[in-house]
Structures are given as C-alpha cells and as structure tokens.
Amino acid sequence: MTPGPSDDRTRELIDRIRAGLPDRPMREVRMFGVTALMVDETLAGAAGKDGSLLVRVDPADDAALLLRPHASRAEMGAGRRMGAGWIRVAAEALRSDAALGEWLRAAADNLARLEAGTPASRGGGRQ
C-alpha cells in the first residue's frame, strides 16, 4: 500500500514529537486509527491521520488547557467523550514547534507525575 497524505502528516507530527522530547524513549503503536506514542509503556499521546494530537495531561490541568484555541475533549469514536486529562489538539494549533512544545510540556509533566506515583495535582492548574 502506498502511503498517502494522511500518513505523511502523521509521520511529520511523530517526528516533531520525538524531536520535542529527545530524552524520552518512545515506541509507536497503531491503534484505533491513530499512532499512539508509548513512553515506558504509558500512553503519552497519539498522532492522528489529520495531523491532530491526542495528548494526555494532568486531569487537574484539564479545564485550563481546554480553554486554549483548537483544544477539545478527546473522543473515542463519534460521541464517546474521553475523561479529564485527554485532550484533542487540532492540527491548526500545532503549526509551530513552540506551540507543539507547550502541549509536549503538559504531557511530559503528566508523565513525570505518573512515574512518581503522584495523584493528579490539585489547585488552579497551569495557564
């Protein structure tokens, strides 16, 4: 099968994610129509065929992060909303490396929290 434009967008986003998290070894797993990115066997996020990003963040930061442009509650299929901490970021919001980097920091912070065994933080979250 010949790769199409959606495969190119997915690969480009994955390459940018790897560049943005160079100290984090990750593996790619195809699932549910996306390419999931596993860090130490924890799902950190996923690259969509449309260039969007599914990102896993601290649930305590969820509400504030959802206020960002082009961020929405992630869905697992049409109308099946995922819980707090799972955000879909549209491709338009990821055009610059700086913008992608903000989302990667949120994911990395959550990974550090999970690795430390710390429950979701309480308080106002990040802006």
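Every number here is computed from the coordinates shown, using simple stated rules; none is lab data. These figures come from a predicted structure and were not determined experimentally. Heads up, the Cβs are rebuilt from the backbone with ideal geometry, glycines too, and the neighbour counts pull from every protein chain shown.
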*Residues whose placed amide H lies under 5 Å from that of Ser52, excluding near-sequence neighbours*: Ala91
*Mind ranking 52-61, 93-102, 70-79, 11-20 by how tightly packed they are, going by the mean number of other C-beta atoms within 10 angstrom, highest first?*
52-61, 11-20, 93-102, 70-79
*Per DSSP H run of at least 4 residues, take -39500 (n - 2.57); add these up for the chain, divide by its residues and hand me the 222 nm value, nearest 500 deg cm²/dmol.*
-10500 deg cm²/dmol
*List the residues whose amide H sits under 5 Å from the amide H of Val34, counting only those 5 or more places along or on another chain, with H placed 1.01 Å from N in the peptide plane.*
none
*For the range 4-127, what is the convex hull volume of the alpha-carbon atoms per residue, in Å³?*
105
